[in-house]
1. All but one of (1) open to solvent by less than 20 Å² (accessible area, probe 1.4 Å); (2) modelled with pLDDT of 95 or more hold for H377; state the number of the condition that does not hold.
2. Kindly evaluate A105 against the criterion of being under 37 Å from the mean Cα position of the chain (by Cα), small (G, A, S), modelled with pLDDT of 95 or more and open to solvent by 50 Å² or more (accessible area, probe 1.4 Å).
3. Out of segment 249-264, which residues are surrounded by fewer than 13 Cβ atoms within 10 Å (Cβ to Cβ) and under 28 Å from K200 (Cα atoms)?
4. Considering each residue of segment 425-443, count those that are assigned to a loop (DSSP other than H, G, I, E, B) and more than 20 Å from I387 (Cβ to Cβ), and give that number.
5. Of the conditions (1) open to solvent by 30 Å² or more (accessible area, probe 1.4 Å); (2) under 21 Å from S294 (Cα atoms), F227 fails just one. Which one is it?
6. Looking only at segment 214-247, how many residues end up being in a loop (DSSP other than H, G, I, E, B), among the polar types (S, T, N, Q) and under 26 Å from the mean Cα position of the chain (by Cα)?
7. Somewhere in segment 475-484, is a residue of a type in the set (A, V, I, L, M), open to solvent by 30 Å² or more (accessible area, probe 1.4 Å) and within 23 Å of N85 (Cα to Cα)?
8. Quick one: what pairs do we get from segment 484-507, first residue more than 20 Å from L529 (Cα to Cα) and touching a residue at least 12 places away in the same chain (Cβ under 8 Å), second open to solvent by 30 Å² or more (accessible area, probe 1.4 Å) and small (G, A, S), C-beta under 8 Å, 6+ apart or different chains?
Amino acid sequence: MIQMKKYSTLQFTRGLCCFLLPAVILIACKKSTLEPVDTYPEPPAVLVKFLDGNPNPSLGAEGSTVTFNVNGLKGKEGQFTFFINQVAAQVVAVTENTVTVTVPANASTGGSAILINGEYYFGPTFFVKGKVSIDPLFNVDAYRSNGPIAGIFKRADGTSYLIYGSFTNYKNGATVTNPITGIALLNTEGDYLPVTSQFKMGRLGFNGAISNVIQRPDGKYLVAGSFSKFDTVTNINNIVRLNPDGSLETMVVDVINPDPVNNPNDGQAVVPSFNGGTAGHVTKLFYNSSTGNSTAVGNFSFHISTFYERSTRTGPYLDLVKARQIIRMNDSGAFDSTFNYNFASNESYAGGNGFIYDALHQADGKIVVVGNFTSFHGTPANYIVRIDGNTGLVDPGFNTGNAGADGSINRITYNAVTNKILLTGNFKNYNGTAANGVVMIDNNGATVSSFSFKNLEGGFPNFAGQLNNGKIIVTGSFSKYDNIVRAGMAILNPDGTLAPGYNNMGLFRGQVNNLVETTSTNGSAAVILVGSFDRFDNRQVGNIVKFRIEN
């Protein structure tokens, strides 16, 4: 090690004069002896040291004992505190090179540490065993998608999942001839299923983000988002309908042929059969199988269709209807003027005075919309409103009094088994009751008083979803829930308390966009999460993970 020295100003000046003065006048200059002085003080003596090797065992449940390789603690019993992921553990025994502790209650996977004389010494990660664990047969490697996954659902065949979002690769399955652009088909183990003759979801795919995909009862797909092209077909405006095999559903139409003599085939064109779309992003798309109608919700300003009678093969004549944020279309994609349309002004009603972030289609056809708006169609609506499924107007029977939230609502989820809705956002109160960013409501907007979301530390929630057994998964940027270490994820009971045995996981980092319940290969219940995250249980993952839930 290089020993750093320092010198006084006087010593440095006397030495320097020997080099400068002889060039000016003839005078003797005596060089002083340079005395070294330490620049930095000596570091404090190392009291303890974690040795090489994993703890024994490296995984254990609450109440079990585990031994760490440490020296320097012998004779210092009672003078130090041992932590497992910031939770103090009871010390059972100390030897010259080990310390044995009991895994504390409420412990979760994380690093070990020793606090002694005001100094921390950090050791290896200890994995706390509980009822939640990554399914090793699904998530066999860290790399999955290279971009956010917006949603996932099991296809009608029951043997595959479809994921969609803003990714261009999945498990290195993309090739030059078969690229991946926002949609991928997976088997039940999460492996990528390449494009085949049975499922050719776009050889070139979409040129933008996909926010929603619906598989209709007839097997066809409705896809929405922010895109203007599918494969080589242009003149698509954020909504498209695909055949059951994933190919574009098309039709042949007559168009104007400006030069029939030299181009006799230009009098017809192959075009998308769904002739409808939007000028702006579509957040959610809902389908009514009994009527064939589709309802789009998002942050757009016009409905767009192509008037083929005035179009040429390469020059579409667009028909625009001024319609903000919510529209309904019939099966052909045509604008439905009986829904959210004011004939007096020849445009839709006002919509919200802010952005729509999410929406929920209820069983009776009504639509709950959330975002950062405080009015909708000119009616006060504090970040949440319900739209009548028949008229497109604000439903006054929802959340009577319009109390709503005191901050933006970013996410809405619904569980059909429990019949409850969860809202997540940047609000502190809902309907005048403390909510801390997550609240449970019933189908009419009233607060469910049996659920109480506790205080968070270190951040905010970004997703809350309820499972069929009533348990609730919450993710976010927080570090503690109800004063207990929960790094980015907490699994709660239906009343909002931490579910014992379910919160052993280590760091979760990112945001969940969607979840689907399934089963694991060992027969236990399981959940697949998708979104934009890179850590689950402090292990590297790529925006998708499947975990088991043991009884």
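The values are calculated or read from the model by the stated rules, or taken from the named source; none is laboratory data. For clarity, every value in this text was computed on a predicted model and none was experimentally measured. Cβ sites come from the backbone with ideal geometry, for glycine too, and all protein chains shown count toward neighbours. Ligands, DNA and RNA are stripped out before the accessible areas are found, and what is left, the full protein with its side chains, is counted by its heavy atoms. Shrake-Rupley method; radii C 1.70, N 1.55, O 1.52, S 1.80 Å.
1. (1)
2. Numbers: under 37 Å from the mean Cα position of the chain (by Cα): yes; small (G, A, S): yes; modelled with pLDDT of 95 or more: no; open to solvent by 50 Å² or more (accessible area, probe 1.4 Å): yes.
Spelling it out, it is not the case that A105 is under 37 Å from the mean Cα position of the chain (by Cα), small (G, A, S), modelled with pLDDT of 95 or more and open to solvent by 50 Å² or more (accessible area, probe 1.4 Å).
3. V252, D254
4. 7
5. Condition (1) is where F227 drops out.
6. 3
7. Filtering segment 475-484 for residues of a type in the set (A, V, I, L, M) gives 484.
Add one more test, that the residue is open to solvent by 30 Å² or more (accessible area, probe 1.4 Å), and what stays is 484.
With the extra rule that they be within 23 Å of N85 (Cα to Cα), the set shrinks to 484.
Yes, segment 475-484 has at least one match.
8. Here the result reads V485/S479; D495/S450; D495/S452; G496/S452, each pair linking segment 484-507 to a residue that is open to solvent by 30 Å² or more (accessible area, probe 1.4 Å) and small (G, A, S).
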